Amino acid sequence: MAGPDYLNRQAATLLRFAKAVADPEVAAGLVEKAADLKEQAEEPRTLPVTRRPTPPAGSPLRVDCRRWSRE
């Protein structure tokens, strides 16, 4: 996941493009995307949840003590 500094820089770039563009619909889309990026930058960051791998459905494999084994 991108950090808040990166997201804020990207939002600022989109706002600069929105000011330079002549088409109001394109400018509105850029402003909307910039607002989305700013919102993402303000959200608290969470650590990803790590999960154990699961065997494919119908497989005779099972997870046992972090190893794959055949029954």
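Couple of notes before you dig in:
- Contacts under 7 angstrom Cβ, first residue in region 1-28 being of a type in the set (A, V, I, L, M), partner loosely packed, with under 13 Cβ neighbours inside 10 Å, 6 or more apart: Met1/Arg45
- Scope region 1-50; condition in a loop (DSSP other than H, G, I, E, B) and open to solvent by less than 80 Å² (accessible area, probe 1.4 Å); matching residues: Ala2, Gly3, Val21, Asp23
The values are calculated or read from the model by the stated rules, or taken from the named source; none is laboratory data. Predicted model, so just to flag it, every value in this text is computed and none were measured. Cβ: placed from backbone, ideal geometry, glycine included. Neighbour counts: every protein chain shown. Accessible surface areas use protein heavy atoms only, side chains included; no ligands, DNA or RNA. Shrake-Rupley method; radii C 1.70, N 1.55, O 1.52, S 1.80 Å.
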